[in-house]
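Quick notes on the structure that follows.
The values are calculated or read from the model by the stated rules, or taken from the named source; none is laboratory data. Note that the coordinates shown come from a computational prediction; the quantities given were computed from them, not determined experimentally. Because the Cβ atoms are built from the backbone with ideal geometry, glycine has one as well, and the counts that use them run over all protein chains shown. All accessible areas refer to the heavy atoms of the entire protein, side chains included, with ligands and DNA or RNA removed. Shrake-Rupley method; radii C 1.70, N 1.55, O 1.52, S 1.80 Å.
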Amino acid sequence: MALKIKNICCIGAGYVGGPTMAVIADKCPDIQIEVVDLNEERINQWNEKDFSKLPIYEPGLAEIVEKCRGENLHFSNSINKISKADMVFISVNTPTKKKGIGAGKASDLKWVEACARQVAKYAIGHTIVIEKSTLPVRTAEVIKNILEASKQSKNNTSITSTFDVLSNPEFLSEGSAIQDLVNPDRVLIGGEKNEPINALSSIYKRWVPE
């Protein structure tokens, strides 16, 4: 029996987070989804009355946002919404490093690490954390290490937080992102325990054949 997910928070309202959460909201009307981003202008665009002014143009996206926004799909700058979530997606950019070891080749994980620290700060109870973007292999391990370290520092307080970390890479192509999400040729989920993997699988199974 998979864990029942009622609230999802996605950190990052960009090219991966926005469309992915819109499709999940459309296919799972019983799940409340908060998409949070520190970029105020981007969130304002997602909340535009004129749906032609969304920050991303993908065929089919505006129609889904128009249907779900304000019902079970919400966009805000309030990172503390993490505290309500059963599941948190980290969908932020991983630019190529400009300096240091791996400059010009390796991915810069500073935004991912910053997100993991926000999750560690605000999460309450048990949270499934999912890295969801075009991230290099072993990123989930980086996230897990940050969450584990924070758990030890929180042990001195009355707040107890536990985490499972999953990897769920995306394969979206520009111009067909909604189609790629609605009819994916594959969905990859990696993790260490069956229960959180099944919880995420059960969401995708609402519209993707097993």
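Assorted remarks:
- The one condition in (1) within 25 Å of L147 (Cα to Cα); (2) at pLDDT 95 or above; (3) open to solvent by 60 Å² or more (accessible area, probe 1.4 Å) that D86 fails to fulfil: (3)
- All positions within the range 193-209 that are open to solvent by less than 50 Å² (accessible area, probe 1.4 Å), closer than 18 Å to E131 by Cα and in contact (Cβ under 8 Å) with a residue 24 or more places away in the chain: P196, I197, A199, L200, S201, S202, I203
- For the range 66-91, residues that are over 29 Å from E113 (Cα atoms) and part of a loop (DSSP other than H, G, I, E, B) total 2.
- Count of residues meeting criterion [more than 16 Å from I130 (Cα to Cα) and either of a type in the set (D, E, K, R) or open to solvent by 20 Å² or more (accessible area, probe 1.4 Å) (or both)] in the range 21-36: 5
- Cβ pairs under 7 Å, 6+ apart, first in the range 60-76 and small (G, A, S), second assigned to a loop (DSSP other than H, G, I, E, B): A62/L54
- The single residue among G18, G14 that is more than 16 Å from I128 (Cα to Cα), of a type in the set (G, A, S) and not in a helix (DSSP H, G or I) turns out to be G14.
- Residues located in the range 38-65, provided they are in a helix (DSSP H, G or I) and surrounded by 12 or more Cβ atoms within 10 Å (Cβ to Cβ): R42, I43, N44, Q45, W46, F51, K53, L61, A62, E63, I64, V65
- Check on E170, of a type in the set (D, E) and modelled with pLDDT under 95: yes
- Filtered by the rule that a residue be open to solvent by less than 50 Å² (accessible area, probe 1.4 Å) and either acidic (D, E) or at pLDDT 90 or above (or both), the range 92-113 gives a lone residue, D108.
- Considering the range 160-192, the residues that are exposed (fewer than 12 other Cβ atoms within 10 Å of the Cβ) and farther than 16 Å from K132 by Cα include one that is farthest from the chain's Cα centre (by Cα), namely T160.
- Screening A116 on (1) of a type in the set (A, V, I, L, M, F, W, C); (2) modelled with pLDDT under 90; (3) over 14 Å from L38 (Cβ atoms); (4) surrounded by fewer than 23 Cβ atoms within 10 Å (Cβ to Cβ) shows it passes everything except condition (4).
- Some residue of the range 38-48 being β-branched (V, I, T) and closer than 26 Å to A116 by Cα: yes
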